[in-house]
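Accompanying notes for the structure given below.
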Amino acid sequence: MTNSTFTRRGVLKTGAVTGAGLALPTIFTSSASAFTNEPTGSTVKFGFNVPQTGPYAEEGLDELRAQELAVEHINGMGDGGMLNTFTSKALDGTGILGKKVEFVTGDTQTKSDAARASAKSMIEKDGVVMINGGSSSGVAIAVQGLCQEAGIIFMAGLTHSNDTTGKDRKANGFRHFFNAYMSGAALAPVLEKEYGTERRAYHLTADYTWGYTQQESIQSFTEAMGWETVNNVLTPVGAGDFSSYITPVLQSGADVLILNHYGGDMVNSLTQAVQFGLRDKMVNGKQFEIVVPLYSELMAAGAGENIKGVFGSMNWNWQLQDAGTKAFVQSFGQKYGRPPSNSAHTCYVQTLLYADAVARAGSFNPCAVAEALEGFEFDGMGNGPTLYRADDHQCFKDVLVMKGAENPTTQYDTLEVVEVTPRAQVEYAPNHPMFGGDAATLGTCNDGA
Amino acid sequence: MDAILLQILNGLDKGSAYALIALGLTLIFGTLGVVNFAHGALFMIGAFCAVVMQRLLNLSYEVVDPTRTDFLGNPLKVQMPYVESWFGTEFGGGLIEWSVPLSILLAIPVMVGLGFAMERGLIKHFYKRPHADQILVTFGLAIVLQEIIKYFFGANPIPTTSPDLFSGSFDFGVLLGFDPNTIIYPYWRMVYFLFALIIIGGVFSFLQFTTFGMVVRAGMADRETVGLLGINIDRRFTIMFGLAAAVAGLAGVMYAPILSPNYHMGMDFLVLSFVVVVVGGMGSLPGAVLAGFLLGILQSFASMNEVKSIIPGIDQVIIYLIAIIILLTRPRGLMGRKGVMED
């Protein structure tokens with residue numbers, strides 16, 4: 001027989017004391033590690049996840065240049081760039097909340113799995129508090145999902161699909177860049193003015209999320225003004241030779257070709273369409289026209305002379321004459337000897353906006369930062385008065401309608417600004433059907449605690 | 001009918017590129033027994049020879065134009081090409097405009113030299129190694145070459161234009177009695193097709209009608225016996241490697257105005273060209289050419305909307321589907337020889 005010294009009361013007392021003892025350090029340290037990668041030293045680390053290899057490496061390089069410049073300006077180096085024109089004055093050039101900003105970089109390779117792996121590594125190994133950058137909607141949506149799970153903020157780079165802040169929107173994700181719907185809303189009135197209301201459009205569309213939403217948006221807006229959509233053909237990404245997709249256009253009776261392509265695909269499809277003489281043809285008694293709804297300066301340079309007179313849209317362009325743009329172009333140009341691209345601009349602005357939100361929130365806690373960004377209205381960043389809408393974390397601002405310049409003087413002014421479409425014209429309801437309807441929600445903010 | 005004719009024309013230039021790359025691949029495999037995964041990179045480097053020539057001819061000095069400003073507000077520095085100041089605007093401008101055809105002169109020595117360097121410096125050490133090792137080392141070499149090109153030229157496609165004489169397109173529809181604008185074909189693609197025929201004809205003539213070619217063909221059939229006759233077949237095979245590299249390079253040079261050169265363009269062609277070689281028959285030069293044109297045209301047909309509406313996505317798999325059918329019905333390919341890769 002064994003005599004036990006345990007009593008029910010004794011076990012309960014011991015358990016309570018042990019439990020309290022174990023909980024004590026957590027209670028005392030909860031403010032030090034209350035959220036993912038809470039910075040504890042004198043520095044804070046940002047993660048810049050951009051394509052450094054692969055077809056968009058050139059664009060990624062320009063994003064990195066801008067991000068590095070933004071960090072310099074936050075830390076008080078250089079001429080301050082847009083911090084001088086930004087309407088919020090929470091940043092004083094001494095870092096953020098007394099901490100100097102450092103950064104690490106990752107290579108998205110413009111592949112969703114590689115982008116998630118590099119973001120995960122930066123979050124887990126380098127302890128970054130925020131991920132910024134990228135040049136693809138597929139990548140942005142994948143990394144945004146990861147940041148949501150990890151409990152850090154994702155400040156998207158160049159992503160134009162409606163889905164990023166539509167059906168795939170996330171509480172931890174924020175997009176400054178415009179989207180496909182806004183391109184359609186801005187372009188349609190200009191196309192109507194230039195080409196009339198009786199046109200037959202043929203779409204060639206990149207076979208992935210961005211292509212689908214852009215095609216849907218452009219078709220919706222052009223049909224609303226009276227255009228007929230003859231056909232929409234999906235083309236594989238990286239097809240190279242688009243001749244077999246271009247030649248049926250002539251036999252379709254279409255008099256406008258809309259290229260829902262980006263990057264190398266846009267360069268090749270546009271070049272080949274011009275080589276096949278499409279722009280020299282008269283169809284239905286009208287001059288045949290080509291439209292490239294989403295432009296980028298780097299891609300425009302790749303298309304060379306073929307881009308002359310072709311309409312498209314952009315988030316921002318260095319040729320704008322507002323104070324914010326001038327300050328950024330001056331700062332970027334002095335450092336790198338070239339004007340910034342619109343992907344560089346959006347990454348620069350996103351980095352400053354994040355830093356500013358932290359400063360205003362007084363905390364790096366992602367949910368506090370998200371709250372500071374939601375509904376934030378600002379100006380002085382090159383796009384006029386801008387709103388970070390709380391409902392879907394999409395920025396609303398003016399959109400640029402661009403055209404290939406007839407007589408460029410350098411490799412940097414191959415595009416010219418045709419019209420600055422006012423913000424009111426590109427706004428839409430948060431539950432718009434193209435953005436996931438009523439089913440699309442941000443979910444709840446995750447701080448990783 | 002007009003749509004069918006149009007797709008045949010479309011397939012010709014793509015088929016020409018496949019045929020030229022596959023021809024080089026077959027030459028190397030037939031002579032040296034090496035499966036060269038760096039062959040697509042040679043095509044890409046050829047295209048960049050056109051870019052280099054374009055840049056060489058556009059080498060400029062700066063002239064400050066005080067009436068205009070750059071993006072920072074400083075007086076604009078206008079680039080004036082040296083060739084225009086040396087030879088006059090008309091002739092100098094003409095040289096710049098004809099940079100792609102002129103770059104053939106640059107591509108031949110560069111590609112032959114590169115071929116020799118590749119073969120002597122790296123690939124010869126892998127002759128007695130398994131095919132898997134050869135594939136790995138040549139694939140690695142292709143990635144290295146790609147990255148070197150990207151380092152110097154960036155990742156964006158670089159526009160490379162054909163001479164003005166060949167810009168625009170020819171209306172075959174009018175010629176054949178169809179409606180205008182129904183069958184059009186760019187002049188440069190016609191040039192490319194003719195160029196490919198000349199190169200293919202040249203290679204076949206070289207192998208068929210010269211003593212050197214005869215020895216090479218004998219070596220391809222029975223390397224050991226030719227060696228026993230006291231002929232240094234290895235040296236001839238090295239030259240053939242250089243020739244194959246030059247063929248791939250020239251294919252790339254002339255393709256530059258069709259597809260703006262970028263550092264990974266070779267990989268896109270490489271895989272398809274290997275399928276072409278397999279369909280044509282390993283080691284068969286006529287097979288490689290025949291399969292190149294055949295698959296190029298079939299790929300164009302598969303891209304037709306009418307075909308894709310019946311079988312969605314067929315344009316992406318047609319080449320591989322044909323390869324499966326050919327290998328099931330004719331395991332040696334269309335014109336494959338007995339004994340090649342069968343030991």
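The values are calculated or read from the model by the stated rules, or taken from the named source; none is laboratory data. Every value quoted in this text rests on a predicted model; they were computed, and no experiment measured them. Methodologically, a virtual Cβ is constructed for each residue, glycine included, from the backbone with ideal geometry; neighbour enumeration extends over all protein chains shown.
Miscellaneous remarks
- Any hit, region A:381-391, residues being surrounded by fewer than 24 Cβ atoms within 10 Å (Cβ to Cβ) and farther than 26 Å from A:HIS432 by Cβ: no
- The residues on offer are B:LEU12, B:LEU32, B:LEU56, B:LEU6, and the sole one that is touching a helix residue (DSSP H, G or I) at 6+ places or on another chain (Cβ under 9 Å), within 25 Å of B:ARG217 (Cβ to Cβ) and not aromatic (Phe, Trp, Tyr) is B:LEU32.
- Considering residues of region A:129-146 that are closer than 16 Å to A:ASP168 by Cα and of a type in the set (A, V, I, L, M, F, W, C) only, the residue surrounded by the most Cβ atoms within 10 Å (Cβ to Cβ): A:ALA140
- Pairs with Cβ under 8 Å, 6+ apart, first in region B:210-229 and at pLDDT below 85, second outside any helix (DSSP H, G or I): B:GLY219/B:ILE231; B:MET220/B:GLY283
- All of (1) closer than 22 Å to A:GLY184 by Cα; (2) surrounded by fewer than 18 Cβ atoms within 10 Å (Cβ to Cβ) hold for A:PHE435 with one exception: (2).
- Filter result (in contact with a Gly (Cβ under 9 Å, 6 or more places away or on another chain) and either crowded, with 24+ Cβ neighbours inside 10 Å or not assigned by TED's automatic domain parsing to the domain that holds A:LYS286 (or both)) within region A:184-201: A:LEU187
- Options A:GLY263, A:GLY309, A:GLY302, A:GLY277; residue that is touching a residue at least 24 places away in the same chain (Cβ under 8 Å), of a type outside the set (D, E, K, R), on the phi > 0 side of the Ramachandran plot and within 11 Å of another protein chain (Cβ to nearest Cβ): A:GLY263
- Check on A:PHE288, at the interface with chain B (Cβ under 10 Å from one of its Cβ atoms) and modelled with pLDDT of 90 or more: yes
- If the condition is being acidic (Asp, Glu) and within 14 Å of another protein chain (Cβ to nearest Cβ), then region A:202-241 contributes A:ASP207, A:ASP241.
- Condition met for A:GLN251 (touching a Ser or Thr at 6+ places or on another chain (Cβ under 8 Å), of a type outside the set (Phe, Trp, Tyr), touching a residue at least 24 places away in the same chain (Cβ under 8 Å) and not assigned by TED's automatic domain parsing to the domain that holds A:SER112): no
- Set side by side, the residues A:ALA66, A:ALA117 differ, and just one is part of a helix (DSSP H, G or I), surrounded by 19 or more Cβ atoms within 10 Å (Cβ to Cβ) and modelled with pLDDT of 95 or more, which is A:ALA66.
- B:ASP315 meets the conditions (1) surrounded by fewer than 21 Cβ atoms within 10 Å (Cβ to Cβ); (2) modelled with pLDDT under 85 in every case but one. The failed one is (1).
- Extreme residue, surrounded by the fewest Cβ atoms within 10 Å (Cβ to Cβ), among residues of region B:167-178 that are in contact (Cβ under 8 Å) with a residue 40 or more places away in the chain and either under 23 Å from the mean Cα position of the chain (by Cα) or farther than 23 Å from B:LEU259 by Cβ (or both): B:LEU176
- Region A:256-277, residues that are in contact with an Asp or Glu (Cβ under 9 Å, 6 or more places away or on another chain) and within 24 Å of B:TYR187 (Cβ to Cβ): A:LEU257, A:LEU259, A:ASN268, A:GLN272, A:VAL274, A:GLY277
- Of all residues in region A:132-183, exactly one satisfies the criterion of being without any contact (Cβ under 8 Å) to a residue 60 or more places away in the chain, in contact with a Gly (Cβ under 7 Å, 6 or more places away or on another chain) and assigned to a loop (DSSP other than H, G, I, E, B), namely A:THR159.
- Within region B:299-322, none of the residues are touching a His at 6+ places or on another chain (Cβ under 9 Å) and within 24 Å of A:SER243 (Cα to Cα).
- Flag for B:ARG189 being out of contact with any Leu (no Cβ under 8 Å at 6 or more places or on another chain) and either within 29 Å of B:MET220 (Cα to Cα) or within 14 Å of another protein chain (Cβ to nearest Cβ) (or both): no
- A:ASP322 among the charged types (D, E, K, R), surrounded by fewer than 24 Cβ atoms within 10 Å (Cβ to Cβ) and away from chain B (no Cβ under 13 Å): yes
- Checking each residue in region B:144-155 for being surrounded by fewer than 22 Cβ atoms within 10 Å (Cβ to Cβ) and within 11 Å of chain A (Cβ to nearest Cβ) picks out B:GLU147, B:LYS150, B:TYR151, B:PHE153, B:GLY154.
- Scanning region A:380-418 for residues that are more than 14 Å from chain B (Cβ to nearest Cβ) and farther than 24 Å from A:SER161 by Cα turns up A:GLY380, A:GLU406.
- Selection of region A:318-360 for residues being under 15 Å from the mean Cα position of the chain (by Cα) and outside any helix (DSSP H, G or I) yields only A:SER341.
- Single residue of region B:156-177 satisfying the filter (aromatic (Phe, Trp, Tyr) and at the interface with chain A (Cβ under 10 Å from one of its Cβ atoms)) that is farthest from A:LYS281 (Cα to Cα): B:PHE166
- Residue within region A:369-379 that is among the acidic types (Asp, Glu), assigned to a loop (DSSP other than H, G, I, E, B), under 20 Å from the mean Cα position of the chain (by Cα) and surrounded by fewer than 24 Cβ atoms within 10 Å (Cβ to Cβ) present: yes
- Region B:249-268, subset in contact with a Gly (Cβ under 7 Å, 6 or more places away or on another chain) and over 18 Å from B:PHE153 (Cβ atoms), residue nearest to the other protein chains (Cβ to nearest Cβ): B:ALA251
- Looking only at region A:242-253, and only at residues there that are in contact with a strand residue (DSSP E or B) (Cβ under 6 Å, 6 or more places away or on another chain) and either outside any loop (DSSP other than H, G, I, E, B) or crowded, with 24+ Cβ neighbours inside 10 Å (or both), the one that is nearest to the other protein chains (Cβ to nearest Cβ): A:TYR245
- Residue within region B:42-49 that is assigned to a loop (DSSP other than H, G, I, E, B) and within 14 Å of chain A (Cβ to nearest Cβ) present: no
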